[in-house]
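J.: Got a structure here, written out as structure tokens. Questions coming.
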Amino acid sequence: MTDFDKIINRRKFLQGTFVIGASAFILSALPGMKALADSTILFTSVATNSLDTITLPEGFEWHVVASWGDPLWSGVSPFNQESRGNADSQARSFGDNCDGMAFFRVNNRNLLVVNNEYCNRNIIYGNRASKLPENDDDVHKGIAAHGVSIVELSMSSERWEIVLDSPYNRRITAASPVELTGPARGHNLLKTAADPEGKFALGTWNNCGNGVTPWGTYLACEENFNGYFSTPSQPDKKLTETYKRYGIKNKDKGYDWSRVDDRFDVAKNPKEPHRAGYIVEIDPSDPDSLPKKRTAMGRFKHENCEVVVADNGKIVAYMGDDERGEFIYRFVSSGKFSPGAEGNTNLLDDGQLSVAKFEEDGSGQWLTLSPQTTDMTLEEICVFSRIAGSKVGATTMDRPEWVAANPHKVEVYCCLTNNKNRGIKPNAGGDPTPVGGPNPRKANKYGQIVRWIPEKGDHTANSFTWDLFVVAGNPAVHSDANAGSENINADNMFNSPDGLAFDSVGNLWIQTDGNYSNVDNFAGMGNNQMLMASVETGEIQRFLVGPKECEVTGITWSTDNRTMFVGIQHPGESNPSECHFPYGGNSVPRSSVIAITRTDGGKIG
Ligand code: FEO
Ligand code: CA
Ligand code: CA
Ligand code: CA
């Protein structure tokens, strides 16, 4: 028996009987939960396809809530197909590439807070010959298309729509003022020419997944912040290890932000990159509040931030670092959460950061990142968290994406999306990436979801046990480990799990960001998709298929759980002239948030 088989068998042992092949199923309430009359979701799994639209099971419908370029205020020009907007219109319109999001109810208003992760240059500059920014206004348009959009929504004629001119509407862009907080605030590593005190920065960008705190704030998670920096004033400048570990290079990814702002020229402003890569806390109830970059929670390529309150009242935040061979982190607050107390707002500034070590035998530990364990100062640990994690020997993972904690049970899940380097080359810090443990396949093409159970049901405990909830694969093409675990079959297969969230009744929703070629290793998988899983039985069914070339990412629910909001990111990312979601005809494809409801008006999570 191979190690891989042992892992799969352990999963079967922990989960008990697994039923394959049901065409429809009801997920009943979990043990100990009160069953709500309409809390179950019954649907027949949808087949894969490569269509340029949303596919849902019978009994469900969808509509568009907000698309890239939709104005948030009256007086702003509607999205213009030819110009694709300019810097001014973009700064007052919904940003590009929607990702993580959360729904808030504030003073009887419905607020949707949405990350605008990045831009597809070939789409927002698709009207330029180079498909890149060609003048200063183009660059500023890109800067304004990033960040976070806060929009008030209203329901009219069974459709959610943006409330223009709401006092809560807000755009936070890559140029908006933000505050640096926590241990590294004011440290020399964060001081720049523009901010000699190291306390205030400008902007947040490449916000991927998100989090929500029990005190009603939103957490935007800065991921691939590196791709915006370059060294045009010294094209051959040698960048040292602390830059290399985070992927900062002499050239950016084509955004050209250094053209209009020297902050992005690392040769001129070497410390500016130290001010990105954080968890950013935003208060949607106060449009004048400064977003806060929480340095205590570490600097890495943050995917999302899953926050739970431990039984002892401490705040526990689980966070993945999405890069090949990087780590899973945990932050435990020093203080305790007390509903309604004022001190809650600074709980994320003081606590213990640690990294996960997974053992082959199904046990694991959280390894403390402290000056004692790393020989680094606390401030250095905050800013160079990856280097600290390497020093203590954290497990190099297959690209940790979203983490989700079961709201009804002390257990946590994390998508490990794929890793072509597994067993082939080390991570950027030189840490080996051996095949085994929660990363059981060489050159992992399909991804898996790892689950850990904290010792004694305590999220603050330093020990846990783990198993693999699902190993994605293609059983129609492979009969070895690449066929996936037993809960994968020809009717529910997928690759590259990424977004992950529990609904209020304990269903686990899985969103994919994978290969949509539908050929060879990925034959039969179709477009990116969203699936629903029962964590009790391991059963997984496909609920949604996205349009061509999209990624399905971001999920939240209305307060009454009768609407599920889902993000459709970068439709038509490679061939925009052949993709036209969501407006059809000859329209430019636009990243959009959609609302999904049941035709019978019932709950959907
Ligand atoms: Fe922005 Fe790791 O996805
Ligand atoms: Ca993601
Ligand atoms: Ca991804
Ligand atoms: Ca993405």
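Per-residue answers, yes or no, for (1) open to solvent by 10 Å² or more (accessible area, probe 1.4 Å); (2) farther than 17 Å from residue 194 by Cα; (3) away from ligand 3 (no atom under 16 Å from the Cβ):
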| residue | (1), (2), (3) |
| --- | --- |
| 224 | yes, yes, no |
| 228 | no, yes, yes |
| 249 | yes, yes, yes |
| 270 | yes, no, yes |
| 273 | no, no, yes |
| 278 | no, yes, yes |
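J.: Considering every residue within the range 537-558, establish whether at least one is in contact with a Ser or Thr (Cβ under 7 Å, 6 or more places away or on another chain), within 16 Å of ligand 4 (Cβ to nearest atom), in a strand (DSSP E or B) and at pLDDT 95 or above.
T.: Yes, that holds for at least one residue.
J.: Take the residues in the range 516-567 that are acidic (Asp, Glu) and away from ligand 2 (no atom under 16 Å from the Cβ); name whichever of them is farthest from residue 68 (Cα to Cα). I'd like the intermediate steps shown before the answer.
T.: Let us first name the residues in the range 516-567 that are acidic (Asp, Glu), namely 520, 536, 539, 549, 551, 560.
Of the ones still in play, those that are also away from ligand 2 (no atom under 16 Å from the Cβ) are 520, 536, 539, 560.
Values: 520: 33, 536: 38, 539: 35, 560: 26 Å.
Among them, the one singled out is 536.
J.: Same structure, new question: Among the residues of the range 139-175, how many are within 27 Å of the chain's Cα centre (by Cα) and among the acidic types (Asp, Glu)?
T.: The number of residues fulfilling the criteria is 2.
J.: Also, I was wondering about something else. If you check residue 139 against the conditions, is it of a type in the set (Val, Ile, Thr), buried (at least 16 other Cβ atoms within 10 Å of the Cβ) and part of a strand (DSSP E or B)?
T.: no
J.: Determine which member of the set 513, 503, 491 is under 23 Å from the mean Cα position of the chain (by Cα), away from ligand 2 (no atom under 16 Å from the Cβ), of a type in the set (Asp, Glu) and farther than 23 Å from residue 436 by Cβ.
T.: After applying the criteria, what remains is 503.
J.: Related question: Between a residue in the range 492-505 that is farther than 19 Å from residue 208 by Cβ and any residue that is within 16 Å of ligand 4 (Cβ to nearest atom) and open to solvent by less than 10 Å² (accessible area, probe 1.4 Å), which pairs come within a Cβ distance under 6 Å, given they are 6 or more apart or on different chains?
T.: From the range 492-505, the pairs are 494/512; 494/529.
J.: Output yes when any residue across the range 385-399 is within 16 Å of ligand 3 (Cβ to nearest atom) and of a type outside the set (A, V, I, L, M, F, W, C), and no when none is.
T.: Within the range 385-399, one or more residues are within 16 Å of ligand 3 (Cβ to nearest atom) and of a type outside the set (A, V, I, L, M, F, W, C).
J.: Still on this structure: Just one of 470, 410 is more than 16 Å from ligand 2 (Cβ to nearest atom), of a type in the set (A, V, I, L, M) and under 20 Å from the mean Cα position of the chain (by Cα); which is it?
T.: 470
J.: Give me the residue from the range 573-602 that is modelled with pLDDT of 95 or more and charged (D, E, K, R) and, out of that set, farthest from residue 528 (Cα to Cα).
T.: Across the range 573-602, the extreme among qualifying residues is 598.
J.: Quick one: how many residues across the range 473-513 are within 16 Å of ligand 3 (Cβ to nearest atom), part of a loop (DSSP other than H, G, I, E, B) and open to solvent by less than 10 Å² (accessible area, probe 1.4 Å)?
T.: 3
J.: Kindly provide the set of residues from the range 529-550 that are open to solvent by less than 10 Å² (accessible area, probe 1.4 Å), within 16 Å of ligand 3 (Cβ to nearest atom) and in contact with a Pro (Cβ under 9 Å, 6 or more places away or on another chain), ordered by number.
T.: Within the range 529-550, 531, 546, 550 qualify.
J.: Which one of the conditions (1) more than 14 Å from the chain's Cα centre (by Cα); (2) more than 16 Å from ligand 1 (Cβ to nearest atom) does residue 307 fail to meet, given that it meets all the rest?
T.: Condition (1) is where residue 307 drops out.
J.: Restricted to the range 373-398, and to residues that are part of a helix (DSSP H, G or I) and of a type in the set (A, V, I, L, M, F, W, C), which residue is surrounded by the most Cβ atoms within 10 Å (Cβ to Cβ)?
T.: 388
J.: Ok, one more. Count, please, the residues in the range 399-451 that happen to be touching a Pro at 6+ places or on another chain (Cβ under 8 Å) and open to solvent by 40 Å² or more (accessible area, probe 1.4 Å).
T.: So the answer is 3.
The values are calculated or read from the model by the stated rules, or taken from the named source; none is laboratory data. Note that the coordinates shown come from a computational prediction; the quantities given were computed from them, not determined experimentally. Don't worry about glycine lacking a Cβ; one is built from the backbone with ideal geometry, like all the others, and counts go over all protein chains shown. Note: accessible area is taken over every heavy atom of the protein model, side chains too, but ligands, DNA and RNA are not part of it. Shrake-Rupley method; radii C 1.70, N 1.55, O 1.52, S 1.80 Å.
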